[in-house]
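What follows is a set of notes on a single structure, which appears directly below.
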Amino acid sequence: MTTTEAAIKSVVPKARFGQGKEVSVTVSFQEELHVNVSLEGGYCWSITTSDISDGERRVKEWIRLGIQRVFQECYDLAPSPWGTLTGVRPTKLVHSLLESGSSWKEVEQILLQVYGLSPYKKDLLVDVVNRQRPFFHANPNNPVSIYLGIPFCPTRCSYCSFAAYPLASHGHLLKGFLTALRSEIQAVGALIRELDLKVETIYLGGGTPTTVTGNDLRDLLSLITQELYTPETREYTVEAGRPETLSWETLCILKEAGVQRISINPQTMHDQTLRRVGREHTVDDVRNAYDLTRQAGIPIINMDIILGLPGEEPEHVAYTLQEIERLEPDNLTVHSLALKRASQLKANVGEAAIAHALGDVMVDLARESASRIGMIPYYLYRQRHILGGLENIGYAKPDAMSIYNVQMMEEKQTIIALGGGGMTKLVSPDLSLVRLANPKCPATYSQQVASGLDEKVDQIRAHLTS
Ligand code: SF4
């Protein structure tokens, strides 16, 4: 693929090459740098700059912007609010511009003029990045964070692409999985003591960690406290995404273990949609779990919702948001539906009436709702095949932002991941990354963890002591 073809694909992913209109790109350096992009039929875009060194760095981006602009004009395409930014983590671009010496003013100009962002998305990005900067540490390995993946769920949601195995079909693997996880926790705990590591945050995700109950849960959390907690640990989170898993007993175990944050994820406040996407709980289950969690005294509750679920239009989203405002959680994570390859919904996309064209209306509703309950956006990311080319945004009350979410999203801290589907990210001072993946399947994880553990710990040790 030529550079021009690659640039076209990056802004018009379905473009095909062969017979058709000719695109021509010319770049000339003389006194000034001039980039011209034209499409047969008279559509043309150009830019001229006298700052040659800056221009040389920007040529590729300008070609992409020019291609996007002439295609929009020729084919009457709606302008993308994210301009030519196609990456999953647009915040990373802003962090790297700041770290290479750009001022905030220059960053804003680059976002508007080089990447073609809409003024609103530019403001959002700048706002989010500004809030994230205080979370970063000078050394990505001091402190570190810990993730533990529990890959079981009550049932599998149709849009799910995570490591999530239904209890009905895979519950018999749970005991073996917990035994294997215990050995991984002990090995990482020994490494923490050996290297005197500081652990900033601990996060149990999955799956739904609260599918583990009673003494199994009590033993797991007590082992985590004993092995992984350090005096520097500031944040302890457990995802309890499925409200039907939150009994009073479970909540008391979480509270006694010192868990400070949990997620109770309604996704929608419509029973019909919940059934349609394979979640076997009701809206009342969400309300009950929320009330019980407040009674148990777990300080911070996050709620996740998804915009663009099958059959839902802006009025459904408005109702969901209104009900969430009544509950007033401390965090609200707003996902725009992404049809990932591993989801059943992607396989049955013909059955799903997905309101892609209305995505931006729904995103605006969510932003207004979050603001009404005093929340601010503090992390965001995008996904392939996401509703309307939009984004996922984490909102929080100003004193309730999740450190782990920022560290995980921005990849500026080493995260040691244990359990099913855990992805360890070893971050170097130059912010390069090495990933070590654990198997997703609980059976494979249980079989392989013992044989691969020494090598994994050696790799982490080598990274942390290099
Ligand atoms: S609750 Fe979350 S992890 Fe579990 S099946 Fe549903 S989307 Fe997947």
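Sort through 328, 315 and tell me the only one that's on the phi > 0 side of the Ramachandran plot, of a type in the set (D, E, K, R) and either within 16 Å of the ligand (Cβ to nearest atom) or modelled with pLDDT of 90 or more (or both).
328
Scan 258, 241 and give me the residue that is closer than 23 Å to residue 305 by Cβ, assigned to a loop (DSSP other than H, G, I, E, B) and not basic (Lys, Arg).
Going through 258, 241 in turn, just one is closer than 23 Å to residue 305 by Cβ, assigned to a loop (DSSP other than H, G, I, E, B) and not basic (Lys, Arg): 241.
Would you say residue 266 is at pLDDT 95 or above and in the same structural domain as residue 230 (by TED's automatic domain parsing)?
yes
Any idea how many residues of region 111-135 are surrounded by 15 or more Cβ atoms within 10 Å (Cβ to Cβ) and in contact (Cβ under 8 Å) with a residue 40 or more places away in the chain?
10
Out of curiosity, is residue 191 buried (at least 21 other Cβ atoms within 10 Å of the Cβ) and either away from the ligand (no atom under 16 Å from the Cβ) or part of a helix (DSSP H, G or I) (or both)?
No: the conditions fail for residue 191.
Filter region 204-231 for residues that are away from the ligand (no atom under 16 Å from the Cβ) and at positive phi and give the result.
If the condition is that a residue be away from the ligand (no atom under 16 Å from the Cβ) and at positive phi, then 214 is the only one that fits.
Just checking, which of 41, 87, 101 is in contact (Cβ under 8 Å) with a residue 60 or more places away in the chain and surrounded by fewer than 15 Cβ atoms within 10 Å (Cβ to Cβ)?
Only one candidate qualifies: 87.
Determine the pairs where a residue that is outside the structural domain of residue 163 (by TED's automatic domain parsing), located within region 396-417, has a partner that is assigned to a helix (DSSP H, G or I) with Cβ atoms under 7 Å apart, the partner being 6 or more residues away or on another chain.
Here the result reads none, with nothing in region 396-417 linked to a residue that is assigned to a helix (DSSP H, G or I).
So residue 138 clears everything in (1) within 20 Å of residue 429 (Cβ to Cβ); (2) within 16 Å of the ligand (Cβ to nearest atom); (3) among the hydrophobic types (A, V, I, L, M, F, W, C) except one condition, right? Which one?
Just one mismatch for residue 138, condition (2).
Can you pull out the residues in region 162-179 that are surrounded by 20 or more Cβ atoms within 10 Å (Cβ to Cβ) and either in contact with a His (Cβ under 8 Å, 6 or more places away or on another chain) or hydroxyl-bearing (Ser, Thr, Tyr) (or both)?
If the condition is that a residue be surrounded by 20 or more Cβ atoms within 10 Å (Cβ to Cβ) and either in contact with a His (Cβ under 8 Å, 6 or more places away or on another chain) or hydroxyl-bearing (Ser, Thr, Tyr) (or both), then 165 is the only one that fits.
So residue 382 clears everything in (1) in contact with an Asp or Glu (Cβ under 8 Å, 6 or more places away or on another chain); (2) of a type in the set (D, E, K, R); (3) at pLDDT 95 or above except one condition, right? Which one?
(3)
What residue, of 434, 406, is surrounded by fewer than 17 Cβ atoms within 10 Å (Cβ to Cβ) and either of a type in the set (Val, Ile, Thr) or within 16 Å of residue 133 (Cβ to Cβ) (or both)?
It is 434.
Checking the conditions here, which among 116, 149, 189 is under 30 Å from residue 268 (Cα atoms) and among the small types (Gly, Ala, Ser)?
149
Table: residues versus (1) within 28 Å of the chain's Cα centre (by Cα); (2) crowded, with 23+ Cβ neighbours inside 10 Å.
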{"residue": "160", "(1), (2)": "yes, no"}
{"residue": "181", "(1), (2)": "yes, yes"}
{"residue": "208", "(1), (2)": "yes, yes"}
{"residue": "220", "(1), (2)": "yes, no"}
{"residue": "225", "(1), (2)": "yes, no"}
{"residue": "232", "(1), (2)": "yes, no"}
{"residue": "256", "(1), (2)": "no, no"}
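Any idea which residue in region 261-282 is surrounded by the most Cβ atoms within 10 Å (Cβ to Cβ), counting only those that are away from the ligand (no atom under 13 Å from the Cβ) and closer than 14 Å to residue 246 by Cα?
262
Among the residues of region 232-259, write down those that are out of contact with any Lys or Arg (no Cβ under 9 Å at 6 or more places or on another chain) and away from the ligand (no atom under 16 Å from the Cβ).
234, 247, 248, 249, 251, 252, 254, 255, 258, 259
Is it the case that residue 200 is surrounded by fewer than 18 Cβ atoms within 10 Å (Cβ to Cβ) and either outside any helix (DSSP H, G or I) or modelled with pLDDT under 95 (or both)? Give the derivation first.
Working: surrounded by fewer than 18 Cβ atoms within 10 Å (Cβ to Cβ): no; either outside any helix (DSSP H, G or I) or modelled with pLDDT under 95 (or both): yes.
No, not satisfied.
Residues are listed down the side, and each one gets a yes or a no for (1) β-branched (Val, Ile, Thr); (2) in contact with a Phe, Trp or Tyr (Cβ under 8 Å, 6 or more places away or on another chain):
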{"residue": "363", "(1), (2)": "yes, no"}
{"residue": "373", "(1), (2)": "yes, no"}
{"residue": "377", "(1), (2)": "no, yes"}
{"residue": "380", "(1), (2)": "no, no"}
{"residue": "383", "(1), (2)": "no, no"}
{"residue": "389", "(1), (2)": "no, yes"}
{"residue": "393", "(1), (2)": "yes, yes"}
{"residue": "400", "(1), (2)": "no, no"}
{"residue": "403", "(1), (2)": "yes, yes"}
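If you take the residues of region 55-83 that are among the small types (Gly, Ala, Ser) and assigned to a loop (DSSP other than H, G, I, E, B), which of them is modelled with the lowest pLDDT?
The residue in question is 78.
So which pairs qualify, if the first residue must be in region 156-182 and within 14 Å of the ligand (Cβ to nearest atom) and modelled with pLDDT under 95, the second must be among the aliphatic types (A, V, I, L, M) and part of a helix (DSSP H, G or I), the Cβ gap must be under 6 Å, and the two must be at least 6 apart or on different chains?
158/345; 159/345
The values are calculated or read from the model by the stated rules, or taken from the named source; none is laboratory data. The structure presented is a predicted model; accordingly, all values stated were derived computationally and were not measured. For neighbour counting, all protein chains shown are included, and Cβ atoms are generated from backbone atoms with ideal geometry for every residue, glycine included.
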